[in-house]
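Trainee: Would you mind keeping the following structure in view while I ask a few things?
Every read-out reported here was derived from the displayed coordinates using simple, explicitly stated rules and does not represent laboratory data. All values reported here derive from a predicted model rather than from experimental measurement. Because the Cβ atoms are built from the backbone with ideal geometry, glycine has one as well, and the counts that use them run over all protein chains shown.
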Amino acid sequence: MSPEAKILTNDNGLHLKSEAKYFFDFDSIDDLKKITDFAKKENKSIQIIGSGTNAIFPEYFSDVVIRSTNNDFTLDDAGDRVSLSVGAAVVWDDLIDFCVNKGLFGLGNLAGIPGTVGAAPVQNIGAYGEEISNFIDHVECFDLDTNNQVRLSKSECKFGYRKSIFQESDNLIIVSVGLSLLKKFEPKLHYQDLKDHSFTDEGELVETVRNIRNRKIPDPKDFPNLGSFFKNPTITKEEYEKNSKLHELKSYDSDNGDIKLSAGEMLDKLGLKGLQLKNIGLSNKHALILINCAYPNGVCTADDVKHAENYLLNKVSDSYGITLEREPIYL
Ligand SMILES: Cc1cc2nc3c(=O)[nH]c(=O)nc-3n(C[C@H](O)[C@H](O)[C@H](O)COP(=O)(O)OP(=O)(O)OC[C@H]3O[C@@H](n4cnc5c(N)ncnc54)[C@H](O)[C@@H]3O)c2cc1C
């Protein structure tokens, strides 16, 4: 296998100007072993990418950049559940359609999330009261440190809110994801936007979720973005009581007694919706979504994102005493 030089500007959600000198597609463990040999010889690290919808790409990757082409599906009956193994390259929303067509239930609330199956466990993708971790049985990986294939059980993945072990373990390349899905339609509808709906099947749920998302989120085709740029902050009840500035915001009780706040509402209340900072703007539709304002004719880079991020972090910290946490990852 030999690497190619690749322009990645159209391969990341924000369309940031980006290129890699050493780029490989890989399909198998064998490919990964060959790429590891190459990287060792060149004294380079390896950077895995998916479709770049949760990543801030640098202008130049100094590492060897790799991307999976594994589009395999393997289905097995497992009593009252179904085991489904899905290749890392499969587009997440295609998996949703696959499940609807095969009568496999559970993932409907996660319809419409961009990206690949391989990246989905990395930040434990979630939406509308559901998270992928609730359906993960195991994650099949290649360990760059040992050059071996390893299977992580769900508990070994250390899932949390937009969190997993994969965010701290650059050595783990996800090659496929093992899901345990339901045979019966038992939708979770406690989330505000779904509460007042009734659904007879998963197809209806999926269509509704996609419609809600399309109404709320700017279309990445016209307004390149990475979805929510900051996580919703969670603080203790004590911190909340002490900070009267927060009492003007909506607050939600978490299961463990902590208080969850909306990062989007903070930006909105500060009048930042629609603001432009160099080549990055805050969407008019949703303050939490940062868009590339230079698209399609101008050039936007990771430096523009950093500039906007710092500005927003300072604004929120000065006004509310809260340090927001970024959701997308700088590569
Ligand atoms: C419009 C929009 C809406 C969104 N809505 C949501 C939402 O509702 N909920 C939500 O949770 N997210 C949401 N996101 C974020 C994004 O869709 C998810 O995080 C998605 O899983 C990213 O997939 P990707 O293939 O683009 O990963 P990338 O952005 O390419 O990579 C993300 C991270 O995963 C790592 N990675 C990628 N593939 C692998 C692999 N095979 N093995 C190991 N590590 C890997 C990368 O190194 C990087 O650190 C949204 C994004 C956009 C643009």
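Trainee: Could you state the orientation-averaged shadow area of the convex hull built on the Cα atoms of the range 121-257, in nm² to one decimal?
Mentor: Hull-based average projected area comes out at 11.9 nm².
Trainee: Right, here's the next one. To make sure I understand, if each residue's beta carbon is the centre and we count other beta carbons within 10 Å, what order do I259, I49 fall in, fewest to most?
Mentor: I259, I49
Trainee: Can you tell me the dipole magnitude for the range 4-68 around its Cα centre, using point charges on the Cβ only (Lys, Arg +1; Asp, Glu -1), in Debye to the nearest 20? Don't skip to the answer; put the middle values down first.
Mentor: Numbers: 9 positive and 11 negative charges, 36 e Å.
Taking the Cα centre of the range 4-68 as origin, the dipole is about 180 debye.
Trainee: Pick from S68, S45, S18: which is most flexible by mean-square fluctuation in a GNM of the chain where alpha carbon atoms under 10 Å apart are linked?
Mentor: Residue with maximal mean-square fluctuation among S68, S45, S18: S45.
Trainee: Okay, next question. Which order do the peptides 118-125, 220-227 come out in when sorted by mean C-beta neighbours inside 10 angstrom, highest first?
Mentor: 118-125, 220-227
Trainee: Given Cβ point charges of +1 (Lys, Arg) and -1 (Asp, Glu) and nothing else, what value in debye, to the nearest 20, does the dipole of the chain about its Cα centre take?
Mentor: Around 800 debye, computed over the chain.
Trainee: Exposure proxy check: M266, M1 ranked by fewest other beta carbons within 10 Å?
Mentor: Least crowded to most crowded, the residues run M1, M266.
Trainee: Which whole number of Å³ per residue matches the convex hull of the alpha-carbon atoms in the range 273-331?
Mentor: Given the Cα convex hull of the range 273-331, per-residue volume reads 88 Å³.
Trainee: While we're on this one: With only alpha-carbon atoms counted, please give the Rg and Dmax of the chain, in Å.
Mentor: 20.4, 60
Trainee: Taking the mean number of other Cβ atoms within 10 Å as a proxy for protection, how do you rank 243-253, 284-294 from highest to lowest?
Mentor: For the peptides 243-253, 284-294, the packing ranking is 284-294, 243-253.
Trainee: Here is a further query. Once the Cα gyration tensor of the range 218-330 is found, what semi-axes does its equivalent ellipsoid get, as square roots of 5 times the eigenvalues, in whole Å, sorted largest first?
Mentor: Gyration-tensor ellipsoid for the range 218-330: 28, 13, 12 Å.
Trainee: For the chain, what is the calculated [θ] at 222 nm in deg cm²/dmol (nearest 500), taking -39500 (n - 2.57) for each run of four or more DSSP H residues and dividing by its residue count? Intermediate results must be reported in sequence, preceding the final value.
Mentor: On the way: 7 runs with 76 residues, N = 331.
That calculation yields -7000 deg cm²/dmol at 222 nm.
Trainee: Past 32 Å, Cα to Cα, is the threshold; run K154/K285; K242/K278; K188/K260; K40/K102 against it and keep the listed order.
Mentor: Pairs exceeding the cut-off: K154/K285; K242/K278; K40/K102.
Trainee: Further, regarding this structure: Write down the radius of gyration of the range 1-158 and its Dmax, each obtained from C-alpha positions, in Å.
Mentor: Every Cα atom of the range 1-158 included, Rg and Dmax give 16.6, 50 Å.
Trainee: Let me ask something additional. Specify which residue in the list G106, L324, S176 is farthest towards the positive end of the charge dipole of the chain, using unit charges on the beta carbon of Lys, Arg (+1) and Asp, Glu (-1), about the Cα centre.
Mentor: Final value for the positive-end residue is L324.
Trainee: Here is a further query. Find the centroid of the Cα atoms in the range 51-127 and in the range 138-187, then give the distance between the two in whole Å.
Mentor: 11 Å
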